[in-house]
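The values are calculated or read from the model by the stated rules, or taken from the named source; none is laboratory data. It should be emphasised that the depicted structure is a prediction, and the values quoted were computed from it without experimental measurement. All Cβ positions, even for glycine, are placed from backbone atoms using ideal geometry, and neighbour counts span all protein chains on display. Ligands, DNA and RNA are excluded from the accessible area calculation, which covers all protein heavy atoms including side chains. Shrake-Rupley method; radii C 1.70, N 1.55, O 1.52, S 1.80 Å.
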Amino acid sequence: WCDGASPNPVDKWAARAKWEKPCPASRLSYVSLGAAGAVALLPMSREPSASQWMANAGAVADSVAVTVMLTQVVKHTVRRARPGADACHPGRATDPDRNLSFFSGHAAIAFALVSSAHETNRLRGRSTNDWVWVGGGAAAATAYLRVAGGRHHLIDVLAGAGVGYMVGRWIPRHV
């Protein structure tokens, strides 16, 4: 399961989503991640004071920090191989993070940003339903682009999205 040589049926099926030229998809995943972050923080710009904005942004930042730490612990524990060779850097003999596929940090961070911003605003009694759909779309695009870019298996991004979502919902309630 972790060696990448014999992917499970779900990952085999999802491998068809890989773009013929995966490098643009891999690069676009950074743009969609940035969009998820902007959409997560944009609704908070209506706060009446800078201190309230900072408190809300702090809850989002805490969620992202916990997500990054969990991601790194799991990646270095599981050490799952990435789907294939790094086509974007053909001159590189070995990919330094070739065994850090599970779970997707990009997907986890994108979903943590959106879910923590939504939860923070919900706890403050504000509606963010329109922004949740836009942010969720950007987070889902990030996850898809990581598969299309050949950097992750589908299971990696689904697990990352789930972890990010759960951390994003939990942290604002407890900080």
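Beta carbons closer than 8 Å, at least 6 apart along the sequence or on distinct chains, pair a first residue in the stretch 54-78 that is over 14 Å from Phe102 (Cα atoms) with a second that is surrounded by fewer than 16 Cβ atoms within 10 Å (Cβ to Cβ) and among the charged types (D, E, K, R) for Asn56/Arg124.
If only residues of the stretch 164-175 that are within 11 Å of Val64 (Cα to Cα) and hydrophobic (A, V, I, L, M, F, W, C) are counted, the one that is surrounded by the fewest Cβ atoms within 10 Å (Cβ to Cβ) is Ile171.
Quick check on Ala15: is it of a type in the set (A, V, I, L, M, F, W, C), open to solvent by less than 30 Å² (accessible area, probe 1.4 Å) and either touching a helix residue (DSSP H, G or I) at 6+ places or on another chain (Cβ under 7 Å) or in contact (Cβ under 8 Å) with a residue 12 or more places away in the chain (or both)? In short, no. One residue is enough: does the stretch 131-146 have a residue meeting the conditions open to solvent by less than 30 Å² (accessible area, probe 1.4 Å), over 29 Å from Lys21 (Cβ atoms) and not aromatic (Phe, Trp, Tyr)? No: zero hits. Scanning the stretch 28-58 for residues that are over 18 Å from Ala112 (Cα atoms) and of a type in the set (S, T, N, Q), which turns out surrounded by the most Cβ atoms within 10 Å (Cβ to Cβ)? Checked the stretch 28-58; the qualifying residue surrounded by the most Cβ atoms within 10 Å (Cβ to Cβ) is Gln52.
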